[in-house]
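The values are calculated or read from the model by the stated rules, or taken from the named source; none is laboratory data. No experiment lies behind these values; they were computed from the predicted model shown. Neighbour counts run over all protein chains shown; Cβ positions are idealised from the backbone, glycine included. What goes into the accessible areas is simple: the full protein's heavy atoms, side chains included, and nothing from ligands, DNA or RNA. Shrake-Rupley method; radii C 1.70, N 1.55, O 1.52, S 1.80 Å.
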Amino acid sequence: MDGGQKVEQLHGDVAEEDPGRRQRSMVDDADGDEKAPRQSKRVASLDVFRGLTVALMILVDGAGGEWPVIGHAPWNGCNLADFVMPFFLFIVGMAIPLSLKRIPDRGRAVKRVVIRTLKLLFWGILLQGGYSHAPDKLTYGVDIKHVRWGGILQRIALAYLVVAVLEIVTKDAKIQDRSSSGFSIFRMYFSQWIVACCILVIYLSLIYGIYVPDWEFRMQNADSPDYGKVLTVTCGTRGKLNPPCNSVGYIDRKILGINHMYQKPAWRRHWACTDNSPHEGPFKNDAPPWCVAPFEPEGILSSFSAVLSTIIGVHYGHVLVHMKSHTDRLRQWVTMGIALLVLGIILHFSHAIPLNKQLYTFSYICVTAGAAGIVFSLLYFLVDILNLRYAFAPLQWIGMNAMLVYVMAAEGIFEGFLNGWYYEGTNNTLVYWVRKHVFVKVWHSTRVGILLYVLFAQILFWALVSGVLHRAGLYWKL
């Protein structure tokens, strides 16, 4: 924790400030020599958006099992949970121009970016690499041969590193404070869009061009009758976007190794695997072998295309930096958001490119980035223009201490700590008692009880904790 007044967000940038407000404050202060310069104001809507995204992550992780409509889609499609990762990447991108704008020295900026990337990788591997078994198991530790290398923070770290360095290399100090309109911002940062196009072309070439041969894996689930057996998945094809034979999984198996991939992917709820789809359930007797195989949803090729979500977020940040009018900003943001959303929907429903979070397809990038742009525009209008900050204060507090809430709530570290104090048996913990007696029994419904538990005992609780820490000036910085 750090009591400094500058606040860091999930990926570790400094506090975001609205350049237009700062410029107007300086003009106002020029009227009198005795007036001290005013403090730059944060873009409150970006904090609210970050807090909303963290809250969504807690919601879908905690209640998605009982409410599949908000959980990850088993394969093609886009449920509420599938918006969380792109929203994070969009927010990371939007904050980059705001933070790097105040660091004119490129060497210092690159050093700062690299250090924060390493911190993100450390926390990502620690929390999602298998070392932490919270909140359900009172054990810790992982076999090095089975460490999971992919994860949420790891993907954010990669996108942040690539896009932040791109911003540092391509930005021109002479244009940083120049007002702009229309497509002039695209022209200013034309080189960044060239890089984005190159990323897209390489991704599409690999995902449709790589030949995927048959592959094998050893069953790792000790409860399965097939434990220890080597199972074979038949492919021998190229250009397929189905679960077993896509090039995203093939690249991860070759580079990461199948033992270092996520062992319980969402495709286990696929209709080909279980009759309970989209709910979890027992596998069909004739379920194909790939149903029990590992797959990395935050893998190499999918993380490569995920950089595009961050680049789109950077463009929204450029609009905030260069345009001083609220109307001009909203016009740019909403227009681009709607265009991306429509393009992605057309690609999906025309069966050209399906929406798929696991593969991070181009249609998925368009739909989720477009949705992020529209949601942020709405929050900007409500919070920064209409000044309805009190209504969104809980989300803003979470957004200003996002790393803390992510670790303690979304990754279950705090619940894991509470579960360590039990009565007579490890199933009789405070968390279990509160969830069962205060929520499930009162509402006579497991589904409703779990949902309310997540909303009140997790999201609202950590919003209040974040609010107290905000009043004390305490924030978790990276």
Check your understanding: Is one or more of the residues making up segment 305-313 touching a residue at least 24 places away in the same chain (Cβ under 8 Å), farther than 20 Å from Val201 by Cα and within 24 Å of the chain's Cα centre (by Cα)?
Key -> no
Check your understanding: Pairs under 7 Å by beta carbon, first residue farther than 13 Å from Ile258 by Cβ in segment 213-232, partner modelled with pLDDT under 85 and open to solvent by 90 Å² or more (accessible area, probe 1.4 Å), six or more apart or different chains?
Key -> Asn221/Tyr227
Practice item. Just give me the residues in segment 368-397 being under 17 Å from the mean Cα position of the chain (by Cα), of a type in the set (Val, Ile, Thr) and either on the phi > 0 side of the Ramachandran plot or open to solvent by less than 10 Å² (accessible area, probe 1.4 Å) (or both), in sequence order. Key: Thr368
Review point. Can you pull out the residues in segment 178-232 that are open to solvent by 30 Å² or more (accessible area, probe 1.4 Å), out of contact with any strand residue (DSSP E or B) (no Cβ under 7 Å at 6 or more places or on another chain), in a helix (DSSP H, G or I) and farther than 30 Å from Arg331 by Cα?
Key: Ile202, Leu204, Ser205, Leu206, Tyr208
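Within segment 347-377, work out how many residues are among the hydrophobic types (A, V, I, L, M, F, W, C), more than 21 Å from Ser302 (Cβ to Cβ) and free of Cβ contacts under 8 Å to residues at least 12 places away in the same chain. First the steps, then the outcome.
Initially, segment 347-377 is screened for residues among the hydrophobic types (A, V, I, L, M, F, W, C), giving 347, 349, 352-353, 355, 359, 362, 365-367, 369, 371-372, 374-376.
Then keep just the ones that are more than 21 Å from Ser302 (Cβ to Cβ); that gives 349, 374-376.
Narrowing the set further to residues that are free of Cβ contacts under 8 Å to residues at least 12 places away in the same chain leaves 349.
Qualifying residue count, segment 347-377: 1.
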Point to revise | For Leu118: the one exception among (1) modelled with pLDDT of 95 or more; (2) open to solvent by less than 40 Å² (accessible area, probe 1.4 Å) | key: (2)
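Looking at segment 313-330 only, could you name the residues that are in a helix (DSSP H, G or I) and either among the aliphatic types (A, V, I, L, M) or touching a Phe, Trp or Tyr at 6+ places or on another chain (Cβ under 7 Å) (or both)? If you could, list the steps in order and put the result at the bottom.
Within segment 313-330, the first condition is being in a helix (DSSP H, G or I), and the residues that meet it are 313-322, 326-330.
Correct list: Gly313, Val314, Tyr316, His318, Val319, Leu320, Val321, Leu330.
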**Study point:** Number of positions in segment 76-114 that are out of contact with any Gly (no Cβ under 7 Å at 6 or more places or on another chain), in a loop (DSSP other than H, G, I, E, B), surrounded by fewer than 21 Cβ atoms within 10 Å (Cβ to Cβ) and at pLDDT 90 or above
**Key:** 1
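The rows are residues; the columns are (1) under 25 Å from Asn401 (Cβ atoms); (2) without any contact (Cβ under 8 Å) to a residue 24 or more places away in the chain; (3) touching a helix residue (DSSP H, G or I) at 6+ places or on another chain (Cβ under 8 Å); (4) surrounded by fewer than 16 Cβ atoms within 10 Å (Cβ to Cβ).
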residue: Ser445; (1), (2), (3), (4): no, yes, no, yes
residue: Gly449; (1), (2), (3), (4): no, yes, yes, no
residue: Val454; (1), (2), (3), (4): yes, no, yes, no
residue: Ala472; (1), (2), (3), (4): yes, no, no, yes
residue: Trp476; (1), (2), (3), (4): yes, no, yes, no
Review point. Any idea which of (1) over 15 Å from Glu411 (Cβ atoms); (2) crowded, with 17+ Cβ neighbours inside 10 Å; (3) at pLDDT below 90 is the one Pro135 doesn't satisfy?
Key: (1)
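Tell me the residue from Leu430, Leu418 that is aliphatic (A, V, I, L, M) and open to solvent by 60 Å² or more (accessible area, probe 1.4 Å), please.
Working: Leu418 fails: open to solvent by 60 Å² or more (accessible area, probe 1.4 Å).
The conditions single out Leu430.
Quick one: in segment 145-172, of everything that is part of a loop (DSSP other than H, G, I, E, B) and within 21 Å of Phe186 (Cα to Cα), which residue is farthest from the chain's Cα centre (by Cα)? Quick ask: steps written out before the conclusion?
Just the residues of segment 145-172 that are part of a loop (DSSP other than H, G, I, E, B), to begin with: 147-151, 171-172.
This time we only want the ones that are within 21 Å of Phe186 (Cα to Cα), so: 171-172.
On the way: Lys171: 25, Asp172: 29 Å.
Result: Asp172.
Which residue, of Ala306, Ala339, is closer than 28 Å to Val142 by Cβ, small (Gly, Ala, Ser) and in a helix (DSSP H, G or I)? Break it down into steps so the answer makes sense when it comes.
On the way: Ala339 fails: closer than 28 Å to Val142 by Cβ.
Matching residue, one of Ala306, Ala339: Ala306.
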Exercise for review: Just give me the residues in segment 233-279 being surrounded by 14 or more Cβ atoms within 10 Å (Cβ to Cβ), charged (D, E, K, R) and outside any loop (DSSP other than H, G, I, E, B), in sequence order.
Suggested key: Arg238, Asp252, Arg253, Arg268, Arg269
Check your understanding: Looking at (1) touching a strand residue (DSSP E or B) at 6+ places or on another chain (Cβ under 8 Å); (2) in contact (Cβ under 8 Å) with a residue 24 or more places away in the chain; (3) under 27 Å from Pro68 (Cβ atoms), can you tell me which one Pro278 breaks?
Key -> (1)
Exercise for review: Specify the residue that is modelled with the highest pLDDT; the eligible residues are those in segment 191-225 that are more than 30 Å from Pro282 (Cβ to Cβ) and among the polar types (S, T, N, Q).
Suggested key: Ser205
Point to revise | Check on Leu166, open to solvent by 50 Å² or more (accessible area, probe 1.4 Å), modelled with pLDDT of 90 or more and not hydroxyl-bearing (Ser, Thr, Tyr) | key: no
Check your understanding: Wholly within segment 368-477, which helices (runs of 4 or more DSSP H) include no fewer than the required count, namely at least 2 residues that are closer than 30 Å to Gly77 by Cα?
Key -> 393-400, 402-405, 446-452
Check your understanding: What are the residues in segment 377-394 that are within 28 Å of Asn356 (Cα to Cα) and touching a Gly at 6+ places or on another chain (Cβ under 8 Å), if any?
Key -> Ser377
